[in-house]
Each structure stands twice: as C-alpha cells, then as structure tokens.
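Colleague: Provided herewith is a single structure, encoded as structure tokens, for subsequent inquiry.
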Amino acid sequence: RVHGGNQLIFENMSNEHKEHSHLLSVVLLLLFWTGNIVLNMYNKWLFSKGGFRVPIFVTISHQFFCFVGASIVLATPKFTLTRIVSKEIALKLFTISIFFSMNTGLNNVSLLYLTLSANQIIRALLPAFCAIFATFIEGKRYSPIQWSTLFVLVVGVVLSLLNNPSFDALGTGLCLSSVLGAALHVSVVGYFLGKLKMGTFDILFYTTIPIALILAPIFFASNEMNNLEKFVDKEGIGRSIFLISLGGVLAFGYNVIHYVFIHHTSSVYTTVAGNMKVALVVAFAFIFLGDTATPINIIGLSIASLAFFANSFLEFQENERLREVARLAEEENAQSKKKFLDPEIIIKQERDVLAQYDQQQSEPLLSRSKVVS
C-alpha cells in the first residue's frame with residue numbers, strides 16, 4: 001500500500017512537471033517569435049530609413065552587448081562560469097562563432113540590398129539546407145513526402161523572387177550564404193549544447209568575442225568606417241550611441257531566448273518555429289515597411305508558406321515520434337529495474353527461493369523413509 005501510494009505521488013509529480021514543461025515551451029516560443037520579429041524589423045529600419053548603413057559594425061556591437069550581459073549574469077551568485085577544460089571544447093566553441101558570424105553578419109549586410117520580406121522568403125529555405133546537411137553529415141533519412149515538401153518550398157521561393165521589384169542579385173547571394181551559415185549554426189549548437197554541458201550564458205560569454213574578431217577585418221576592409229563617420233557627424237554621437245545600444249539590448253535578449261529555446265526543446269523544433277515566424281515577419285514588412293510584390297510573387301509566397309508549414313508539421317511529427325519511442329524505452333528500463341528494486345517482489349523472490357530450498361532438503365528424507373518402510 002505504501003509503495004502504491006508513492007507511485008501515485010510520483011505520477012502526479014510527473015504530470016505536473018509535464019504541464020510546467022509545456023507551458024514553458026509555449027512562453028519561450030512566443031518570446032522567440034517576438035524577439036526575432038522586433039530585431040529583424042529594427043535592423044531593416046536602421047539600415048534603410050534610419051540611415052545607419054553599417055551592418056557589420058552593428059553586428060560587432062551586438063556581440064559586445066551580449067558579452068557584457070553574459071558577464072554580468074555570470075558574476076551573480078546564482079550562476080557559475082563553466083571552464084574550458086580542453087582544446088576540443090575550445091574548437092567547438094570557435095566553430096559556433098564562425099557559423100554565427102556567417103549567419104548574422106551576412107544576413108544584416110543583405111538587408112542593405114533586399115527588402116525584409118524578400119530576405120525572410122529566402123531564409124525560408126532553411127529547412128532544405130538543414131535536410132541536406134543532416135543527410136550527408138548525420139546520415140539522417142527523410143521520407144519521400146518530406147523531400148516533396150522541400151522541393152515545393154524551393155519552387156515557391158523562386159516564384160516569390162521572380163521579377164520581384166526588390167530583387168537584387170548581390171543581396172540574394174548574401175542572404176543564401178547567411179542561410180547556409182544558419183543551417184550549420186543551428187545544427188552545431190543543437191549538437192554541442194548537450195556535448196559541452198554548458199549553459200546559455202556560458203555559450204554567449206565564450207563565443208561573442210571570437211565573433212567580433214572574425215567580423216572586425218571585414219569591417220575595416222569595407223567602406224563602413226566612412227559611413228559610420230558620416231552618420232555620427234550628421235546625427236550626433238548621442239543618437240548614434242542610443243541606436244547602437246537599443247539594438248545591442250534587443251540582440252542580447254533574443255540570443256538568450258534563442259539558446260534557451262534550443263536547449264529546452266531541440267534544434268529541429270527551433271527550426272520549425274523559425275519557419276512559422278517567417279509568415280509573421282513578411283506580413284509585418286508589407287504592413288509597416290511598405291514592401292511590394294507582383295501577383296506571381298504573392299502566389300509563390302503562398303506556395304512557399306504552405307510548403308514550409310507542411311514540412312514543419314512533418315518534422316514536428318517525426319520529432320514527437322522519436323521522443324515517444326525514447327519515453328517508452330525509458331519506461332521499459334524503469335519497469336525492468338523495478339522488478340529488482342520493488343521490496344514486495346524481492347520478498348516474494350526470497351520466499352520462492354526458500355521454499356525451493358526446503359523442498360530440495362525434504363526430498364532425501366522422503367526417499368529414506370520409503371526405503372525403511
């Protein structure tokens with residue numbers, strides 16, 4: 001009875017934990033969408049209407065704010081910085097920095113040449129890039145229907161950009177390169193977070209300075225220094241610092257949410273959530289930023305949207321199936337352990353062994369009594 005009561009208590013605790021986990025996932029999803037939309041729209045406004053045409057410098061300044069924010073958090077008693085104990089870990093962290101630089105830096109530069117809607121439509125190709133990398137690097141296999149949705153997604157993106165008034169070859173190439181970096185970054189972060197045994201602020205602390213150092217030569221080699229000096233002379237140092245600081249705070253908040261979201265869910269679920277927010281960003285861009293498109297572009301956008309929603313649903317289903325298989329395997333292991341740990345079962349086993357022993361001991365006595373008789 002006591003054991004059954006404890007089991008009921010543990011089941012109730014498990015249900016409460018699941019409900020809390022689902023609620024946290026929903027909250028993180030909403031924060032992830034909000035942070036991404038706000039940061040994308042702010043950067044696009046800053047690089048176009050704001051006149052602050054220095055995307056590489058802005059990306060570097062964002063890393064400075066993320067480093068300072070992570071340092072402040074790690075200095076509190078609640079958090080402790082995880083030390084780098086090997087060259088292998090340092091190499092993995094540097095790999096994350098390279099792909100993040102490729103993703104964010106090139107994406108911000110592409111916003112100089114593309115509208116936000118065109119930028120997000122191209123970035124909707126992320127599932128296709130992730131599937132290719134997963135197939136050749138991880139050996140993952142996809143069903144024919146999943147490959148079909150990815151093919152339709154590519155067709156929809158092409159139609160969305162066909163004769164688009166905002167199409168720019170250089171901007172498209174930069175954005176495609178950033179999608180390549182994003183796919184590698186998501187896969188690497190999702191894989192390394194578990195392997196490194198590091199928290200969100202540890203990743204930010206160790207990767208932000210390398211990201212800034214990677215992007216610094218590009219900043220000095222470009223014409224951004226002249227653009228920065230012209231903007232400061234025209235708008236003043238106060239306004240410049242305010243715009244940089246606002247973007248830095250937004251970037252720090254979004255990066256924290258992004259890493260926590262990946263750590264709490266998975267890289268697959270994060271990619272699915274990222275796909276779903278594309279439609280929101282494009283809608284906001286048409287409404288608030290005045291982006292335009294031709295009828296064929298609208299048709300292509302609709303096809304692409306349906307395709308990546310279908311692909312997201314299939315990915316989510318597959319992820320849930322794998323999680324269910326893992327859960328059943330864990331329950332089976334728990335049941336097998338229970339057979340050896342349950343006191344009632346142990347007592348029964350001991351009684352059976354004693355009874356068998358007593359029976360074996362009594363058999364010679366019975367045989368001797370038969371002989372005597």
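Colleague: Would you calculate the volume per residue, in Å³, of the smallest convex hull containing every Cα atom of the stretch 28-181? Don't skip to the answer; put the middle values down first.
Modeller: Details: hull volume 24.7 nm³, N = 154.
Residue-normalised Cα hull volume stands at 161 Å³.
Colleague: Going by the alpha-carbon gyration tensor, a ≥ b ≥ c the square roots of its eigenvalues, is the stretch 15-117 rounded (a/c under 1.5) or, if a/c is not under 1.5, prolate (a/b greater than b/c) versus oblate? Don't jump to the answer; show the numbers that get you there.
Modeller: On the way: a/c = 2.08, a/b = 1.29, b/c = 1.61.
Because a/c hits 1.5 or more and a/b fails to exceed b/c, the stretch 15-117 counts as oblate.
Colleague: May I pose another question? If you average over every viewing direction, what projected area does the convex hull of the Cα atoms of the stretch 25-77 give, in nm²?
Modeller: Working: hull surface 19.3 nm².
The Cα convex hull of the stretch 25-77, projected and averaged over all directions, gives 4.8 nm².
Colleague: Where a ≥ b ≥ c are the square roots of the eigenvalues of the C-alpha gyration tensor, would you call the stretch 108-161 rounded, which needs a/c under 1.5, or, failing that, prolate if a/b is larger than b/c, or oblate?
Modeller: Values: a/c = 4.55, a/b = 1.78, b/c = 2.56.
Oblate, because a/c is 1.5 or more while a/b does not exceed b/c.
Colleague: Rounded to a whole number of µm²/s, how large is the Stokes-Einstein D of the stretch 126-262 at 37 °C and 0.692 mPa s, given Rh as the Kirkwood radius over C-alpha pairs? Before the final figure, lay out the partial values.
Modeller: Values: Rh = 18.6 Å.
My calculation gives 176 µm²/s for D.
Colleague: Further, regarding this structure: I296 to T135: FRET efficiency via 1/(1 + (r/R0)^6), r the Cβ-Cβ distance, R0 30 Å, to the nearest 0.05?
Modeller: Calculated transfer efficiency: 0.45.
Colleague: For a test of the definition: using alpha carbon positions, the gyration tensor, and the 1.5 limit on a/c, classify the stretch 278-331 as rounded, prolate or oblate. Present the calculation step by step, with values, prior to reporting the outcome.
Modeller: Values: a/c = 9.50, a/b = 2.95, b/c = 3.22.
Taking the square roots of the gyration eigenvalues as a ≥ b ≥ c, the stretch 278-331 is oblate.
Colleague: If I model a spin label as a point 7 Å beyond the Cα along the Cα-Cβ vector, how far apart are those points for V158 and L176 in nm?
Modeller: Placing both labels 7 Å beyond Cα along the Cβ direction yields 1.1 nm.
Colleague: Next question, about the same structure. Need the C-alpha centroid separation for the stretch 97-129 versus the stretch 161-179, integer Å.
Modeller: Centre-to-centre (Cα) distance: 9 Å.
Read-outs: derived from the displayed coordinates by stated rules, not from any lab. Everything numeric here is computed off the predicted structure, so don't read it as measured data. Backbone-built Cβ (ideal geometry, glycine too); neighbour counts: all protein chains shown.
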